[in-house]
Amino acid sequence: MLKTPNRSLPKGFRFLISLSEECDKADAGYAVVTSHPVQRLLRIGDPSHRLPTVGSVSEALQRLAAPRNAGRLLQIVAKSG
């Protein structure tokens with residue numbers, strides 16, 4: 001279980017930790033699709049790999065399609081433009 005986000009962490013990272021805690025409470029699976037720069041940032045900000053990260057949407061869908069997560073998908077799409 002993740003701890004309450006530290007106020008010294010960037011706001012977006014605190015949000016991801018809070019989201020992860022809520023998903024854990026609801027027993028809802030999720031994955032963060034990351035780019036290489038985000039992976040490097042998470043190596044610093046999340047050295048224990050607490051956030052479930054994947055390299056592609058197809059990898060995330062495969063992970064979430066497992067029987068434990070069937071029917072419990074939560075989609076969050078970044079606003080573009």
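Numbers for the structure displayed
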quantity: Scope segment 30-42; condition in a helix (DSSP H, G or I) and within 17 Å of residue 18 (Cβ to Cβ); matching residues; calculated: 42
quantity: Which numbered condition residue 10 misses (of (1) modelled with pLDDT of 85 or more; (2) surrounded by 10 or more Cβ atoms within 10 Å (Cβ to Cβ); (3) not small (Gly, Ala, Ser)); calculated: (1)
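Condition check ((1) surrounded by fewer than 15 Cβ atoms within 10 Å (Cβ to Cβ); (2) at pLDDT 85 or above; (3) in a loop (DSSP other than H, G, I, E, B)) across all residues:
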site	(1), (2), (3)
24	yes, no, no
44	yes, no, no
48	yes, no, yes
60	no, yes, no
72	yes, no, yes
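The values are calculated or read from the model by the stated rules, or taken from the named source; none is laboratory data. Nothing here was measured: the structure is a model prediction, and the numbers come from that model. Cβ atoms come from the backbone with ideal geometry, glycine included; neighbour counts cover every protein chain shown.
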